[in-house]
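Data first, discussion second: the structure below is written as structure tokens.
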Amino acid sequence: MRLVVFGATGGIGLEVVRQGLDLAHEITAVVRSASRLPAELHARLDVVEADVMDPDAITQAVKGRDAVITAIGPRGRDASTVHSDSIASIIEAMRRAGVRRLLTVGASGMVADAGDGPLTRYVLKPLIVQRLLSRSYADLAASEELVRAADLDWTIVRPSRLTNAGRTNRYRTARDLSVRGGMSTTRADVADCMLELIGDRTSVRHVISVAS
């Protein structure tokens with residue numbers, strides 16, 4: 001498939017690029033600086049340097065693609081609107097380009113639901129995780145509202161606490177619920193899950209939680 005990846009130099013985005021190339025997808029990586037991509041990948045990618053916050057700058061990169069994957073996130077825990085600002089721009093670029101399939105990364109910690117065990121649902125998430133990351137989660141929530149309101153075939157992928165432990169090939173998923181006992185997710189597993197979901201029509205307009 002012809003894919004465009006935003007956030008391609010980050011932990012999840014770089015995994016999407018590497019795994020997507022191994023699956024023979026044609027990938028366009030939209031980055032602010034091409035120098036941040038590993039040199040060995042340049043020859044295998046279509047690299048576009050552009051400001052993701054500007055729909056005019058990214059529409060051409062999106063045009064003609066089968067799906068858009070975004071793994072954009074802030075660096076550090078400072079207050080930021082990078083999630084909501086970037087997704088608003090990407091949605092507008094997709095509208096202009098006539099591309100419908102969108103996969104974006106959220107976070108399972110931002111909601112507590114029936115998929116969680118009692119300790120996680122009533123103590124860990126609301127009293128610890130959501131308080132520590134309240135500013136980041138507020139921006140994630142705003143971005144998810146924009147995605148849900150868009151006339152697109154979207155899927156939000158929510159991992160639990162991210163690690164760099166590598167691809168496990170045994171992650172679990174849940175639709176519109178948290179994964180019971182899912183305390184961590186490797187970035188490589190998130191990428192694997194997103195690539196698997198591209199052609200999964202049952203995931204369209206749903207939230208997929210993933211845990212390693």
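For Val47, nonlocal amide neighbours, meaning residues 5 or more places apart or on other chains whose placed amide H falls under 5 Å from its own, are Ala29. Residues His83, His206, ordered by accessible area of protein heavy atoms at a 1.4 angstrom probe radius and largest first, appear as His206, His83.
For segment 19-88, give the percent of accessible area contributed by carbon and sulfur heavy atoms, probe 1.4 Å, rounded to a whole number. Reported share for carbon and sulfur atoms: 45 percent. Rolling a 1.4 Å probe over the protein heavy atoms leaves Tyr171 with an accessible area of roughly 50 Å².
Quick check: from the Cα gyration tensor, does segment 157-212 come out rounded (a/c under 1.5), prolate or oblate?
Working: a/c = 2.29, a/b = 1.36, b/c = 1.69.
Oblate shape, in that a/c is at least 1.5 and b/c is the bigger or equal ratio.
Electrostatic bookkeeping for Ile58 treats Lys and Arg as +1 and Asp and Glu as -1; over the other residues with beta carbon under 10 Å from its beta carbon, the sum is -2.
The values are calculated or read from the model by the stated rules, or taken from the named source; none is laboratory data. Everything numeric in this text was worked out from a predicted model, so none of it was measured. All Cβ positions, glycine included, derive from the backbone under ideal geometry; neighbour counts span all protein chains shown. Remember, those area values only see protein heavy atoms, side chains included, never the ligands or the DNA or RNA. Shrake-Rupley method; radii C 1.70, N 1.55, O 1.52, S 1.80 Å.
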